[in-house]
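Student: One structure follows; several queries about it will come next.
The values are calculated or read from the model by the stated rules, or taken from the named source; none is laboratory data. Because the structure is predicted, anything quoted here is derived from the model rather than measured. As a convention, Cβ positions derive from the backbone with ideal geometry for all residues, glycine included, and neighbour counts pool all protein chains shown. When the accessible area is computed, the model is the full protein with side chains, heavy atoms only, and any ligands, DNA or RNA have been set aside. Shrake-Rupley method; radii C 1.70, N 1.55, O 1.52, S 1.80 Å.
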Amino acid sequence: MTSSDLWDEETAQRYDESSAEMFAPEVLDPAVDFLARLADGGPALEFAIGTGRVAVPLAARGVPVTGIELSAPMAAQLRRKVPAEQVPVVIGDMATTRVDGEFSLVYLVWNTIGNLRTQDEQVECFRNAARHLAPGGRFVIDVLVPPIRRFPPGQVAVPFDVSDRHVGFDTLDMVTQQATSHHYGRLEDGSVRYGQSNFRYVWPAECDLMARLAGLTLERRVADWTGAPFTSESERHVSVWRKDPDALEDSIRRGMRH
Ligand SMILES: C[S@@+](CC[C@H](N)C(=O)[O-])C[C@H]1O[C@@H](n2cnc3c(N)ncnc32)[C@H](O)[C@@H]1O
């Protein structure tokens, strides 16, 4: 049983339109370039593939992409774009679901590691990524750095978008690392619609430890898909961990000892 919110039919139908800025070529193209380079001709697996925002253009670049997705309505939206032979999707939880095959790249973008709202599940997600990787393969995460520097004592919420049609802010609990994004959107008829999503925020160093528990080593950390340096001012990170190229031989050796 996963702790993730289940994305419903209505959310799935509105997803591409409501996330239009994330489909813009200046946002998407650097991500697809970055991932295509890392796949290096091998197959890729996207955890939480959604409606295929990244997977569809990556597959169009010749990278075979498979997906795992919790929400059947989100996967159905992807299916309207490409057939199953082109981008197969397994419905399930990215922390536990196993798909056939061995991949040179597993990736999980746009803060979605946080949709797993317990540390145990996040650890399992890293392990599941490692399980799917060929020796030498890479796991990539794109996630925000928890914005707690914006929380002076006594402040309970931090806005991330204040625009004509949308007001969004996060509330965070410093003790449990539980957080909620609140969205107030103005619709065409002038009415206001409220939506929220829950997540567990995670530190870069905590990600590295989860990776180590899964047998993965940090290879690279940058601030965004263009490869900008990661600094103390960075608000997000794109991190790449590598499965030890000798992992297979190691595990065979360990197996022979027992
Ligand atoms: C922000 S969307 C990202 C979708 C896509 N990767 C993208 O970049 O557009 C988050 C997605 O994660 C999925 N999701 C949330 N929890 C999940 C889980 N435990 N296992 C698999 N998918 C999950 C949601 O259903 C949703 O499709």
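Student: Over the heavy atoms of residue 22, what accessible area does a 1.4 Å probe trace out, to the nearest 10 Å²?
Tutor: 40 Å²
Student: Okay, moving on. Only Cα pairs within less than 10 Å get springs; with that Gaussian network setup on the chain, which residue of 231, 96, 180 has the largest fluctuation?
Tutor: Maximum fluctuation in the GNM of the chain, among the listed residues, is at 231.
Student: Using a Förster distance of 22 angstrom, determine the FRET efficiency expected from the C-beta separation of residue 198 and residue 156, and round it to 0.05.
Tutor: On the way: r = 16 Å, r/R0 = 0.71.
That pair, residue 198 with residue 156, gives E of 0.90.
Student: With Cβ to Cβ distances under 9 Å as the rule, what net charge do the other residues near residue 66 carry (K, R +1; D, E -1)?
Tutor: Details: positive: none; negative: 46, 100.
Net charge around residue 66: -2.
Student: Figure the gain on full extension for residue 17 and residue 96 (residue separation times 0.36 nm, minus the Cα-Cα span) and round it to one decimal in nm. Numbers along the way, then the final one.
Tutor: Details: separation 79, 0.36 × 79 = 28.44 nm, distance 3.00 nm.
Working it through step by step, the gained length comes to 25.4 nm.
Student: Still on this structure: What do you get for the angle between helix 204-213 and the principal long axis of the chain? Use alpha-carbon atoms, 0 to 90 degrees, nearest ten.
Tutor: Helix 204-213 sits roughly 30 degrees off the main axis of the chain.
Student: To continue, here is another question. Rank these residues by their accessible area, most exposed first, probe 1.4 Å: 29, 100, 5.
Tutor: Descending order: 100, 29, 5.
Student: Checking the a/c ratio against 1.5 first, then a/b against b/c, what shape does the Cα gyration tensor give for the stretch 149-195? Intermediate values should be presented prior to the final figure.
Tutor: Working: a/c = 3.97, a/b = 2.28, b/c = 1.74.
Taking the square roots of the gyration eigenvalues as a ≥ b ≥ c, the stretch 149-195 is prolate.
Student: Given points 7 Å out from each Cα along the Cα-Cβ axis, report the residue 174 to residue 33 separation in nanometres with one decimal.
Tutor: Each label point lies 7 Å from its Cα, and together they span 4.0 nm.
Student: What size of dipole, in debye to the nearest 20, comes out for the stretch 149-195 about its Cα centre when the only charges are +1 on Lys and Arg C-beta atoms and -1 on Asp and Glu C-beta atoms? Before the final figure, lay out the partial values.
Tutor: Working: 5 positive and 6 negative charges, 30 e Å.
Dipole of the stretch 149-195, to the nearest 20 debye: 140 debye.
Student: Report the label-to-label distance for residue 149 and residue 84 in nanometres (one decimal), using points 7 Å from each Cα along the Cα→Cβ vector.
Tutor: Simple spin-label model gives 4.8 nm for this pair.
Student: How much of the DSSP beta bridge set in the chain is antiparallel, as a percent to the nearest 5? The partial results should precede the final answer.
Tutor: Numbers: 35 of 50 bridges.
Expressed as a percentage, antiparallel bridges in the chain total about 70.
Student: I'd like the distance between the alpha-carbon centres of the stretch 174-245 and the stretch 73-108, rounded to an integer number of Å.
Tutor: A separation of 21 Å, based on Cα centres.
Student: Here is a further query. Per residue, how much accessible area does the stretch 185-234 show when a 1.4 Å probe rolls over the protein heavy atoms, in square angstrom? Walk me through the numbers on the way to the answer.
Tutor: Details: 2940 Å² over 50 residues.
Solvent-accessible surface per residue comes out at 59 Å².
Student: Separate question: Measure nothing fancy, just the Cα-based angle from helix 247-257's long axis to the longest principal axis of the chain, in degrees from 0 to 90, nearest 10.
Tutor: 50 degrees
Student: For residue 105, what residues show an amide H to amide H distance below 5 Å, using hydrogens built from the backbone and excluding near sequence neighbours?
Tutor: 45, 138
Student: Would the stretch 1-150 count as rounded, prolate or oblate if I go by the C-alpha gyration tensor, calling it rounded below 1.5 in a/c and otherwise prolate when a/b exceeds b/c, oblate otherwise? Don't jump to the answer; show the numbers that get you there.
Tutor: Values: a/c = 1.18, a/b = 1.03, b/c = 1.15.
Note, shape of the stretch 1-150 comes out rounded.
Student: A further question follows. Could you work out what % of the accessible surface of the stretch 149-195 is carbon and sulfur, using a 1.4 angstrom probe and leaving DNA, RNA and ligands out of the count? If you can, show how the numbers build up before the last one.
Tutor: On the way: 1870 of 3200 Å².
On the stretch 149-195, the fraction of accessible area on carbon and sulfur atoms equals 58 percent.
Student: How tilted is helix 9-18 with respect to the longest principal axis of the chain? Cα atoms for both, answer in degrees (0 to 90, nearest 10).
Tutor: Value to nearest ten degrees: 80.
Student: I've got another one for you. GNM, the chain, Cα, under 10 Å: largest mean-square fluctuation among 89, 222, 27?
Tutor: Maximum among the listed residues: 27.
Student: Right, something else. GNM, the chain, Cα, under 10 Å: largest mean-square fluctuation among 19, 234, 163?
Tutor: Evaluated over the chain, the most mobile residue of the options is 163.
Student: So, in nm, how far is label residue 26 from label residue 60 when the simple model puts each one 7 Å beyond its Cα toward the Cβ?
Tutor: That separation, rounded to one decimal, is 1.9 nm.
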